[in-house]
1. Quickly rank 264-272, 150-158, 129-137 as a protection proxy: mean count of other C-beta atoms within 10 Å, highest first.
2. Want the number for residue 220 to residue 36: 0.36 nm per residue separation, take away the alpha-carbon distance, what's left?
3. Where the centre of each part is set by its Cα atoms, how far does region 222-238 sit from region 145-167, in angstrom?
4. Region 202-216 to region 265-298: how many Å between their Cα centroids?
5. So for the pair residue 276, residue 295, with labels modelled 7 Å out along Cα→Cβ, what separation do we get in nm?
6. Could you give the length gained by full extension between residue 235 and residue 179, i.e. 0.36 nm per residue of separation minus their alpha carbon distance, to one decimal place?
7. Given the peptides 252-263, 275-286, 183-194, arrange them by the average over their residues of other C-beta atoms within 10 Å, most packed first.
8. Given the peptides 168-174, 213-219, arrange them by the average over their residues of other C-beta atoms within 10 Å, most packed first.
């Protein structure tokens with residue numbers, strides 16, 4: 001199976017270890033040209049694309065930038081890493097997707113040694129996170145879940161949410177529950193930001209995604225590449241996605257009102273129980289490993 005996916009000027013390449021490389025070309029033609037060079041560089045070795053590992057994609061990415069491929073060097077790398085490394089990678093991947101790997105802490109509450117203390121999630125306890133974790137990029141699946149914001153703990157101010165989230169420069173999962181008990185949300189490689197990113201300027205990456213739980217089942221929608229409206233923020237609202245019928249997810253300051261509609265950015269339907277909803281609870285969890293200064297969360 002071809003592990004290269006092309007959408008307009010964007011293309012993704014996935015390694016056997018589950019890591020996805022995201023590239024953005026100058027236009028559709030350049031993207032197709034780069035992908036063809038990569039396919040030729042791999043298939044000339046008579047190896048299926050599905051056996052390529054992270055180190056090989058690192059080299060391919062560098063060579064792609066130079067528009068050349070050294071087949072002998074790449075072949076030597078493939079022989080060296082071999083089946084043993086691939087097996088170790090698959091074992092680690094399975095371990096990282098188990099529900100037991102999700103450790104939740106509050107970085108604002110630390111012990112005498114500065115270690116964040118465990119905490120609970122009112123929303124995560126209602127859904128099966130083990131269904132969500134395998135859909136996340138491999139490089140964040142086994143990261144610590146750090147509670148950056150919770151309506152129950154920190155109130156209903158957009159400024160507070162943005163302030164607390166901007167203290168952690170890491171990928172995030174936003175969880176929302178509406179008044180009908182529907183739980184949905186988003187994964188975004190960029191945290192909700194304030195400052196230069198304010199003012200409705202889109203940011204984020206193709207790794208962004210939205211999801212919804214329905215009857216215990218998870219529906220997960222990755223960015224399609226149709227547009228770059230991955231996420232936007234201001235001190236009065238935040239959103240994910242656009243095009244189509246409207247925002248994939250939109251929240252107004254005060255968190256008394258939100259909307260979710262089919263959108264082109266993620267190819268997603270309405271995520272909530274109805275297009276205009278009232279949030280019951282909102283949580284933002286950072287997925288990271290670097291220490292966060294508790295003072296920045298106050």
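The numbers here are math on the coordinates, done by the rules we state, and not lab data. Since we're looking at a predicted model, the values are computed, not measured. When we count neighbours, we look across all protein chains shown, and the Cβ atoms used for this are built from the backbone with ideal geometry, even at glycine.
1. Listed from highest to lowest mean packing, they are 264-272, 129-137, 150-158.
2. 63.4 nm
3. Cα centres, region 222-238 to region 145-167: 19 Å.
4. 10
5. 4.6
6. 17.8 nm
7. Packing order, densest peptide first, comes out as 183-194, 275-286, 252-263.
8. 168-174, 213-219
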